[in-house]
Amino acid sequence: MMKLSALPVGAVVVCEIFHLFEHSGIYIGEGQIVELQGSGLVRAVSINRFFDNRSGKHLLVACNAQGQVLVREGCYERAIAQIFTVQDYDLLNNNCHRFTQHCVSGRNLPITSFFDLKTELARVWRTDVLWPQVDLER
């Protein structure tokens, strides 16, 4: 299991929401994740705040089959540049997964679900994407 302290900036992270949905964001270091909140605000939050109002207790990270965290050049910078901006949030058409995908690829694609995000990330990285749990060292 990867330790939080070893997580590189620009990593795609996910947690569960009531076993039905997932919430995604970009890890920017020092225990902070950039996320698109339901209000449309893009913000940097602590990992504990990332879990607020969600049932998930595990942080998952996008990795390849060898367990290496997948990071794409420019992802970290795109995530940081959007902090404190406000987007027109929509549960299906402009959600956290679309935001996360945009940070990774720089493209605005019609990502509506975690399945769509996983599919697009596999295409971008040209590999199967696995989602191991991160040891939060609590």
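Could you check ARG78 against (1) closer than 24 Å to MET2 by Cβ; (2) among the basic types (Lys, Arg); (3) out of contact with any helix residue (DSSP H, G or I) (no Cβ under 7 Å at 6 or more places or on another chain) and say which number it fails? Failing condition for ARG78: (3). When residues in segment 79-99 are screened for being out of contact with any Leu (no Cβ under 6 Å at 6 or more places or on another chain) and under 13 Å from VAL12 (Cα atoms), 2 of them pass.
In this entry, GLY10 passes the filter for residues that are on the phi > 0 side of the Ramachandran plot and crowded, with 19+ Cβ neighbours inside 10 Å.
For segment 95-110, the set of residues classified as at pLDDT 95 or above and within 16 Å of VAL42 (Cβ to Cβ) consists of ASN95, CYS96, HIS97, ARG98, PHE99, THR100, GLN101, HIS102, CYS103, VAL104, GLY106, listed by residue number. For segment 110-138, filtering for residues that are free of Cβ contacts under 8 Å to residues at least 24 places away in the same chain, open to solvent by 80 Å² or more (accessible area, probe 1.4 Å) and in a loop (DSSP other than H, G, I, E, B) leaves 3. Summed over segment 14-44, residues that are open to solvent by less than 50 Å² (accessible area, probe 1.4 Å), farther than 19 Å from GLN133 by Cβ and of a type in the set (A, V, I, L, M) total 5. Could you please find all residues in segment 67-109 being touching a strand residue (DSSP E or B) at 6+ places or on another chain (Cβ under 6 Å), outside any loop (DSSP other than H, G, I, E, B) and surrounded by fewer than 19 Cβ atoms within 10 Å (Cβ to Cβ)? Answer for segment 67-109, where residues must be touching a strand residue (DSSP E or B) at 6+ places or on another chain (Cβ under 6 Å), outside any loop (DSSP other than H, G, I, E, B) and surrounded by fewer than 19 Cβ atoms within 10 Å (Cβ to Cβ): just VAL86. A count restricted to segment 95-109 and to residues that are touching a residue at least 12 places away in the same chain (Cβ under 8 Å) and farther than 16 Å from TYR76 by Cα stands at 1.
Residue count for segment 11-37 under the criterion of being in contact (Cβ under 8 Å) with a residue 24 or more places away in the chain and either in a strand (DSSP E or B) or polar (S, T, N, Q) (or both): the result is 18.
The values are calculated or read from the model by the stated rules, or taken from the named source; none is laboratory data. Predicted, not measured: the structure shown is a model, and the values here were computed from it. FYI the Cβ positions are ideal-geometry reconstructions off the backbone, even for glycines, and counts take in every protein chain you see. With ligands, DNA and RNA removed, areas are computed over all heavy atoms of the protein, side chains included. Shrake-Rupley method; radii C 1.70, N 1.55, O 1.52, S 1.80 Å.
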